[in-house]
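Below you'll find the structure, written out as structure tokens, and then a few comments.
The values are calculated or read from the model by the stated rules, or taken from the named source; none is laboratory data. Only a predicted model underlies this, so the values are computations on that prediction, with no experimental measurement involved. Counting neighbours? That spans all protein chains shown, and the Cβs are built from the backbone with ideal geometry, glycine included.
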Amino acid sequence: MMKPLSAVFLLLFVLSVTAVAQDDQWPPLSYLRQDYRSAKVVAHVHVREAEIVNRIVGYEDWRIVCDVIEPFKGPLRKGQELVYYHGAEAGFKKELFLGEKIVFLIRNFHEKDKQRVYAVIENSTLPYNEDRARKLRTIVRSSRHERRTRRRSRRLKVAQHFSAG
């Protein structure tokens, strides 16, 4: 009788450990690459301030102030202060927005400030972990390689065009 019960507990323990390990490796590289391409700015940041700046029924607009720890894409530098906006369903606690995050941002027009600001791509902000940062570094390297390859290809086409004429 005791052996089957022990086996069930062992199985539940293994499944829970596996689920936690998989969560650390989520999202896959392809998912991150898609958000990376959609974003103007991608960075590992430390969020130190979060405040609600606007409310619409069932929805809140948060103003986030953070420091850039590691820029992956866009005109950011390490240590730079960054302000962006994050729309969310009403009721989220401030603590959810604080701490180390990986953010994917676009440029957007902010009604209250009447200016262009950074805003998160919906459902793309992630808690920081080393696996996600490693995947983003891989994307950055492959993106640089793709740009160099496209530039070489364009130069070659131009050179061929002028040498043919």
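Filtering Leu156, Leu126 for residues that are within 22 Å of Lys101 (Cα to Cα), surrounded by 10 or more Cβ atoms within 10 Å (Cβ to Cβ) and either modelled with pLDDT of 65 or more or of a type outside the set (Lys, Arg) (or both) leaves a single hit, Leu126. If you go through the range 46-87 and pick out every residue that is surrounded by 13 or more Cβ atoms within 10 Å (Cβ to Cβ) and touching a Pro at 6+ places or on another chain (Cβ under 9 Å), you end up with 1. Which one is surrounded by the fewest Cβ atoms within 10 Å (Cβ to Cβ) among residues in the range 88-106 that are touching a residue at least 12 places away in the same chain (Cβ under 8 Å) and aliphatic (A, V, I, L, M)? Per the criteria, the residue is Ala90.
Here's the yes/no breakdown for (1) farther than 18 Å from Arg116 by Cβ; (2) touching a Cys at 6+ places or on another chain (Cβ under 6 Å); (3) free of Cβ contacts under 8 Å to residues at least 12 places away in the same chain:
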position: Val47; (1), (2), (3): yes, yes, no
position: Val53; (1), (2), (3): no, no, no
position: Ile56; (1), (2), (3): yes, no, yes
position: Val65; (1), (2), (3): no, no, no
position: Ile69; (1), (2), (3): yes, no, no
position: Arg77; (1), (2), (3): yes, no, yes
position: Glu81; (1), (2), (3): no, no, no
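Name the residue that is nearest to the chain's Cα centre (by Cα), counting only residues in the range 105-144 that are in a loop (DSSP other than H, G, I, E, B) and β-branched (Val, Ile, Thr). Outline the logic, then answer.
Let us first name the residues in the range 105-144 that are in a loop (DSSP other than H, G, I, E, B), namely 111-114, 121-125, 128-129.
Then keep just the ones that are β-branched (Val, Ile, Thr); that gives 121, 125.
On the way: Ile121: 8, Thr125: 5 Å.
The extreme case among them is Thr125.
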